[in-house]
1. What residue, among those in region 152-164 that are at pLDDT 85 or above and touching a strand residue (DSSP E or B) at 6+ places or on another chain (Cβ under 6 Å), is surrounded by the fewest Cβ atoms within 10 Å (Cβ to Cβ)?
2. All but one of (1) on the phi < 0 side of the Ramachandran plot; (2) at pLDDT 85 or above; (3) touching a helix residue (DSSP H, G or I) at 6+ places or on another chain (Cβ under 8 Å); (4) open to solvent by less than 30 Å² (accessible area, probe 1.4 Å) hold for residue 129; state the number of the condition that does not hold.
3. Identify the residue in region 132-151 that is among the polar types (S, T, N, Q) and assigned to a loop (DSSP other than H, G, I, E, B) and, among all such residues, is surrounded by the fewest Cβ atoms within 10 Å (Cβ to Cβ).
4. With respect to residue 101, determine if the residue is hydroxyl-bearing (Ser, Thr, Tyr), at pLDDT 85 or above and buried (at least 17 other Cβ atoms within 10 Å of the Cβ).
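The values are calculated or read from the model by the stated rules, or taken from the named source; none is laboratory data. Everything numeric here is computed off the predicted structure, so don't read it as measured data. Because the Cβ atoms are built from the backbone with ideal geometry, glycine has one as well, and the counts that use them run over all protein chains shown. Just so you know, the surface numbers come from the protein's heavy atoms only, side chains and all, with ligands and any DNA or RNA stripped out. Shrake-Rupley method; radii C 1.70, N 1.55, O 1.52, S 1.80 Å.
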Amino acid sequence: MIKSNNFISTLNYYSNNQTCHLFYSNTTSIIIDLNYNSSFIFINQSTILITLKTITSSTTTTIAQPVTKPSCSACNANIYNRYSNSSGTFQEPIGAYSCETFCTGKLSSGASGATDPTYNYGADAITALNGAVYTCNIRASLGAICLNSYGNASSFSGLFFAINGGVCNTPYGGYRCCCKSSSG
């Protein structure tokens, strides 16, 4: 309860039905703001006047749904190919691939988002693996140390990498694609 300059107010919250009643008063009247389905008993009052005031509000409620850990085929990450030639070093987005496809080097030409659909990414990916064998693993996004690239990092020859650390596209942004070496 708060009292200030002959004005008294109090707010009651009822957790059982999640409603509030706001009481405020000056020297001549008591006003009660309440939810619709509420009842009051007035004792020792000479005059009672009840008026209804309609309050219209718009509320949007968002309920967060837990996201389950995605499978290797459901986690799609944006993959880039970095290469160099006599004109310089280039970084080309080749599309959104599943973690499974990326880790096993099964990148194909003309994936969604590829800027050069005629380039044979599949052949270059196999060359970039250089005999190494990787399998897919999904980890929580924060703090995970993952292999998110393969190929020759020094010359950028056939270097494939998952941007943003291989974080899965929506709705699995809390997880990342991790390539796990299965060849020793």
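1. 163
2. (3)
3. Here is the first cut: in region 132-151, the ones among the polar types (S, T, N, Q) are 135, 137, 141, 148-149.
Cutting the leftovers down to assigned to a loop (DSSP other than H, G, I, E, B) gives us 141, 148.
Details: 141: 17, 148: 23.
Out of the qualifying residues, it is 141.
4. Numbers: hydroxyl-bearing (Ser, Thr, Tyr): yes; at pLDDT 85 or above: yes; buried (at least 17 other Cβ atoms within 10 Å of the Cβ): yes.
So residue 101 passes the test.
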